[in-house]
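Readers should treat all values here as calculations from the given coordinates under stated rules, not as data from a laboratory. Since we're looking at a predicted model, the values are computed, not measured. Cβ atoms come from the backbone with ideal geometry, glycine included; neighbour counts cover every protein chain shown.
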Amino acid sequence: MDFTRNRIPPVALLLLAAALSAPSCLAQNSPQMPPSPAALLDQLNAMISGGKSAWTPEQLSVMEKLRDAAMKDPYALDQLRHLTSNIGPRLSGSPQAGQAVEYVAAQMRALGAEVTLEKAKVPHWLRGAETAELVSWPGQTPATTQKVVLTALGGSVATPENGITAEVIVVDDWKQLSALPAGAVKGKILLFNHKFDKELAAEGEGLDAYGGGVVYRGAGPIAGSAVGAIAVLVRSVGGADYRLPHTGLTEYAPNVPKIPAAAVSAEDADLLADLATQGPIKLHLTLTPQTLPDADSFNVIADWKGTEHPEQVVIVSGHLDSWDLGTGAIDDGAGVVVSMQVIHLLQKLGIHPKRTVRCIAWMSEEEGSEGAAQYMIDHKDLIANHIGAIESDLGADHPTGIFYAGKPALGQWLRPIAQILDPIGGERLVSTPETGEDIGGLTEKGVPSFAPIQDSRYYFNYHHTAADTFDKVDPKHLAENAAVMAVLAYALADSPDPAPR
Ligand SMILES: [Zn+2]
């Protein structure tokens with residue numbers, strides 16, 4: 001990743017110091033004279049901001065107002081409390097997801113935004129019973145079992161109602177699986193024990209740590225089924241040590257039998273792996289989820305209409321659906337409420353940018369991004385009118401800046417915005433190929449896209465677990481995220497020329 005930290009180059013400071021200390025008689029009208037301090041300040045500013053700012057001083061001061069208002073305003077936090085504690089988990093197709101759609105729409109209408117509910121078919125999967133016990137292992141005390149903590153993966157098929165009992169084969173990765181003798185997994189339960197890279201997460205690269213493990217959660221059941229396993233377990237993709245299983249979407253392939261799939265806590269994965277090195281182990285596994293017919297649901301679209309180019313839109317967004325174990329505070333209630341906060345601040349401060357600011361609460365990101373896919377179909381002829389798209393979907397911890405995807409020129413263009421965000425510690429500008437799952441389609445079509453760079457050191461401790469609850473969101477950090485969203489959205493929506501693309 002390209003990394004641009006918005007600091008004044010030391011050489012520029014030296015130049016400035018030299019100019020400021022030069023006798024003023026030297027700065028008379030001769031073309032041979034060194035530049036005046038004022039001209040040097042302009043040059044210095046150009047070095048910092050990468051050239052002429054795309055915004056007027058008045059627009060930059062509006063950005064400062066938005067930033068400062070966001071830091072003081074409890075709107076996003078209040079909305080998050082309602083979405084998580086009052087409405088609760090918002091699984092695709094569930095009554096709570098439906099209630100959340102109505103709620104966000106009503107809140108946006110109350111601010112004077114033009115609200116549209118855009119229909120999308122979404123999966124409707126229901127969690128059932130999920131239990132597992134070791135029933136046979138080396139050194140077992142007769143007539144005892146050991147509980148194994150797990151949770152069904154989203155989309156998983158069920159075991160028979162009374163469960164299955166089978167030997168567990170443990171592998172760390174694809175390589176170990178392919179090295180097993182033919183038939184070694186047939187009729188057995190296969191555990192992928194790929195460890196989450198906590199050191200990588202601690203260094204701030206939580207998303208990369210997640211990426212290393214999530215492939216087993218996604219494709220494990222296909223690989224397991226292909227070699228004859230009757231169920232697949234994956235070690236939870238997450239960082240904390242509180243015996244918490246992390247759910248998430250799993251996948252099946254058309255011509256491979258669907259087998260039940262669950263995530264075990266990291267501690268239980270270690271237990272199974274350790275005992276399996278001592279001798280055969282057997283597990284009794286019961287999962288009874290159901291997959292109901294796809295349900296009708298909606299993306300909530302709330303437009304704060306532009307004054308000069310209402311047809312041109314800048315998206316601010318998060319996804320409204322969540323997994324069902326917790327209440328979806330960090331994933332991704334936070335992303336939705338900081339997007340709602342943008343509309344709230346524009347209304348409260350009476351700001352009407354040239355272009356339309358479109359708040360979107362996406363539906364069903366967790367179960368396949370069906371809402372976003374439908375948006376790309378419904379708006380396929382209007383992509384050129386999408387001037388920029390922002391999604392917040394990496395929690396609500398302190399944002400250190402802005403991820404951007406698009407032309408390299410975007411980095412320079414963003415520099416004045418980075419300066420506005422510097423006082424809240426949000427001055428980094430980092431180029432990345434992807435900014436958010438729901439805006440991925442727009443990114444692919446060349447729409448400049450953005451995301452706050454949230455501190456991801458702790459995000460994957462709670463992600464997709466029962467511990468993703470309202471208390472995990474720090475009000476100050478949430479406000480900082482709202483500030484990033486509001487400043488960036490306004491900058492995109494009011495610049496004289498659209499962002500480079
Ligand atoms: Zn998410």
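Net charge dipole, the range 175-327: roughly 980 debye, given to the nearest 20, about the Cα centre with Cβ charges of +1 for Lys and Arg and -1 for Asp and Glu. Annotation: the residues D73, D274, D331, sorted from fewest to most other C-beta atoms within 10 Å of their own C-beta, follow the order D274, D73, D331.
If each residue of separation counts as 0.36 nm, what is the full-extension length gain between E58 and E308 once their alpha-carbon separation is subtracted?
Residue separation times 0.36 nm, minus the Cα-Cα distance, leaves 88.3 nm.
Going by neighbour counts of Cβ atoms within 10 Å, the residues M485, M71, M376, M63 line up, fewest first, as M71, M376, M63, M485. Does the chain come out rounded, prolate or oblate by the C-alpha gyration tensor, with a ≥ b ≥ c the root eigenvalues, rounded set by a/c under 1.5 and, if not, prolate when a/b is larger than b/c and oblate if not? Taking the square roots of the gyration eigenvalues as a ≥ b ≥ c, the chain is prolate. When only the Cβ of Lys, Arg, Asp and Glu is charged (+1, +1, -1, -1), the dipole of the range 103-164 relative to its Cα centre reaches about 140 debye. When the charge dipole of the chain is built from unit charges on Cβ atoms (+1 for Lys and Arg, -1 for Asp and Glu) and taken about the Cα centre, the candidate among G213, W125, T465 whose Cα reaches farthest toward its positive end is G213.
As a calculated quantity, the FRET efficiency between L349 and K195 at R0 = 45 Å, using C-beta atoms, amounts to about 0.40. Here the range 120-178 was treated as a single set of alpha-carbon atoms; its pair distances binned every 10 Å from 0 give 16, 36, 32, 13, 2, 1 percent. Sequence-ordered 3J(HN,Hα) estimates for the range 306-318 from the Karplus curve with 6.51, -1.76 and 1.60 and θ = phi - 60° stand at x, 8, 10, 10, x, 6, 8, 10, 10, 8, 10, 7, x Hz, glycine and proline given as x.
Phi angles of the range 122-129 translate, via the Karplus equation with coefficients 6.51, -1.76, 1.60 and θ = phi - 60°, into HN-Hα couplings of 10, x, 10, 10, 10, 6, x, 5 Hz per residue; Gly and Pro are given as x.
Extension gain, T291 to T141, is 50.2 nm, computed as 0.36 nm per intervening residue step minus the present C-alpha separation. Straight Cα distances below 13 angstrom link K186 to the aspartates and glutamates E167, with same-chain residues fewer than 8 positions distant left out. When only alpha carbons are used to place a centre, the range 85-114 and the range 428-477 end up 21 Å from one another.
Against the chain, whose longest principal axis is taken from its Cα atoms, helix 95-110 shows a tilt of about 10°.
At full extension, E251 and R81 could sit 58.0 nm farther apart than now, given 0.36 nm per residue minus the alpha carbon distance. DSSP beta bridges fully contained in the range 396-501 are about 55 percent antiparallel. Over all pairs of different C-alpha atoms, the range 47-173 has a mean inverse distance whose reciprocal, the Kirkwood radius, equals 21.2 Å.
Taken over the alpha carbons of the range 98-154 as equal point scatterers, the Debye sum produces base-10 log I(q)/I(0) values at 0.18, 0.19, 0.21 Å⁻¹ of -0.80, -0.83, -0.90.
Phi-derived couplings, Karplus 6.51 cos²θ - 1.76 cosθ + 1.60 at θ = phi - 60°, listed residue by residue for the range 199-206: 5, 4, 5, 5, 7, x, 9, x Hz, with x used for Gly and Pro.
For the range 434-473, the Cβ-based charge dipole about the Cα centre amounts to some 80 debye (Lys, Arg positive; Asp, Glu negative; other atoms uncharged). Selection among A184, P498, I377 by position relative to the dipole of the chain gives P498 as farthest towards the positive end (Cβ unit charges, Cα centre). Kirkwood radius, the range 296-353, all distinct C-alpha pairs, inverse of mean reciprocal distance: 13.0 Å.
In this structure, the residue pairs whose Cα-Cα separation is over 31 Å, taken from K380/K407; K175/K445; K65/K407; K72/K380; K52/K354; K195/K407, are K175/K445; K72/K380; K195/K407.
Electrostatic tally near S225: other residues with Cβ closer than 14 Å to its Cβ, Lys and Arg +1, Asp and Glu -1, net +2. When the Cα gyration tensor is reduced to axis lengths a ≥ b ≥ c, the ratio a/c is 1.5 or higher for the range 165-261, and with a/b above b/c it is classed as prolate.
Once the Cα atoms are used to define both axes, helix 334-348 deviates from the longest principal axis of the chain by about 30 degrees. Exposure proxy ranking for F196, F470, based on other Cβ atoms within 10 angstrom of each Cβ and starting from the fewest, stands as F470, F196.
Across the chain, the mean sequence separation of Cα contacts (distance under 8 Å, 6 or more residues apart), normalised by length, yields a relative contact order of 22 percent. For the range 417-459, the gyration tensor built on C-alpha atoms gives an oblate shape. Its axis ratio a/c (a ≥ b ≥ c) is at least 1.5, and a/b is not larger than b/c.
The mean sequence separation of alpha-carbon pairs under 8 Å and at least six residues apart, normalised by the residue count of the range 392-472, gives a relative contact order of 42 percent.
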